[in-house]
1. Using each residue's phi in segment 325-340, evaluate 6.51 cos²θ - 1.76 cosθ + 1.60 at θ = phi - 60° and report the 3J(HN,Hα) Karplus result to the nearest Hz, with x for Gly and Pro.
2. Per 0.36 nm of contour for each residue apart, how much would the distance between residue 39 and residue 129 grow if the chain were fully extended, relative to their Cα-Cα spacing?
3. Can you list residues from other chains, or at least 5 along the same chain, whose modelled amide H is less than 5 Å from the amide H of residue 99?
4. Computed FRET efficiency, Cβ-Cβ of residue 350 and residue 225, R0 30 Å: what is it to the nearest 0.05?
5. Quickly rank 146-154, 42-50, 340-348, 80-88 as a protection proxy: mean count of other C-beta atoms within 10 Å, highest first.
6. Please compute the net charge surrounding residue 191, taking Lys and Arg as +1 and Asp and Glu as -1 over other residues with Cβ under 15 Å from its Cβ.
7. Taking a threshold of 27 Å on the Cα-Cα distance, which of the pairs 279/329; 329/360; 211/360 fall above it?
8. With the crude spin-label approximation of a point 7 Å out along Cα→Cβ, what separation in nm comes out for residue 209 versus residue 266?
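The values are calculated or read from the model by the stated rules, or taken from the named source; none is laboratory data. As the structure is a prediction and not an experimental result, all values here were calculated from the model. Cβ coordinates were reconstructed from backbone atoms using ideal geometry, including for glycine residues, and neighbour counts include every protein chain displayed. Side chains are part of the model used for accessible areas, which takes the heavy atoms of the whole protein and leaves out ligands, DNA and RNA. Shrake-Rupley method; radii C 1.70, N 1.55, O 1.52, S 1.80 Å.
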Amino acid sequence: MSTENPAAAQPDPTELLRGPQPDKHGVGDAIRSWWNGLARPMQWLFGVPVIALIAILPVWRPPILDTPGTDFGGVMAQFAMYALIAIGLNVVVGQAGLLDLGYVGFYAVGAYTVALLTSPNSPWNKMTESGFFSEDWAWLSCLPIAVAITAFTGLILGTPTLRLRGDYLAIVTLGFGEIVRLLADNLTDVTNGGQGLSQIAYPHLGETEDKPYGVFSAGNTGGNLNSGVWWFWVGMVMVIIALLLVGNLERSRVGRAWVAIREDEDAAEIMGVPTFKFKLWAFTIGASIGGLSGALYAGQVQFINPTGFNVINSMLFLCAVVIGGQGNKLGVIVGAFIIVYLPNRAMSIEIGGQSLGDYKYLFFGLALVVLMIFRPQGLFPARQKLLAYGRQIYQAVRRPSDAPGTGPAPSGATTEVGG
């Protein structure tokens, strides 16, 4: 009489659905597995030298990366600003799965907050010779105000609109971005209209005879330590702070709720996730990071007008997230670098008397089409940690019952997995 267990001989349905699994992984998966296996102190031990190397790039200016015809320090400063935007937009689009086509509106709110409080052309100018809004520190004083006002703007916009989904939400956010731009263009008594706001405050540091207005002044254009390099370093600090904040949120209950909403909002709602609350959290956090980037932009260029906040820029921000990989905060930074660096690199190349950098919208459009066909999740897709952990738990639970000589579990027995 055979003692074999019939239940153990049956193939696992989940294994049939998954199909044969390859033994080898890609280079990206191997690097991520190695990185995730390191303890947090070891990650910092490897990460700090990499950050230091990136920080000295605009000073060192390696020939392979340098941008002929365009100051490399200014390009890197713009990259830091776009990286900050990509991190904030990734919270909304990549983490929570909310299609936002008007993110440039939050960027504009942050920039105009700093400009209205510090520009001599503004009727709301609060700069003084001393105090909280002193000329030397007015820009730094405006940073928390810009973040708070932009977050409040995201809360006001998200409360009535986040009950919409898909295309409807995209149209509403697109309209919001255009409304902000049109208000800046038409409220001439406040924003100075199309003439813009000039002489915006910036940190007055390093004032010498050679640099009477400091190292952060737009007039500091000479040498390898020009204003672009200094603004790049400030932007790097902001990017690191944003990465730490967003990374901690991803590993928390909030991040798990965002992933659940992104994958299937109806299923998340049925399982008890308050989807509206967590979507509003994502919208507000993303808006605040966008406002921080706008404040950085206003201090860097020291002049803003409505044309810098059109819908094309909003599409470029979204393009950085899609190319880099939605949901991967380091991937979207790479996407931001591609969006900023490649057009500036191609500015020195001419075809038929026209600079190749002027065709950037054509090239980015073609790149998006190719990505959607061959790699729809972007260059660095987000790793589905929740699904991977669930698969590991399932295999761990099934393994004892699959061992030789063990019979099926009693009919009344159940197995619970915590966490």
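1. Result, rounded to whole Hz: x, 5, x, 9, 5, 6, x, 5, 5, 4, x, 5, 5, 5, 5, 8.
2. Values: separation 90, 0.36 × 90 = 32.40 nm, distance 4.88 nm.
Extra length available between residue 39 and residue 129 comes to 27.5 nm.
3. Placed amide hydrogens put 166 under 5 Å from residue 99.
4. Numbers: r = 30 Å, r/R0 = 1.01.
Plugging the Cβ-Cβ distance into 1/(1 + (r/R0)^6) gives 0.50.
5. Working: 146-154: 22.0, 42-50: 10.9, 340-348: 18.8, 80-88: 28.6.
Averaged packing, sorted descending, gives the order 80-88, 146-154, 340-348, 42-50.
6. Details: positive: 181; negative: 185, 189.
The answer is -1.
7. Values: 279/329 18 Å; 329/360 24 Å; 211/360 35 Å.
Exceeds cut-off: 211/360.
8. So the two model labels end up 7.5 nm from each other.
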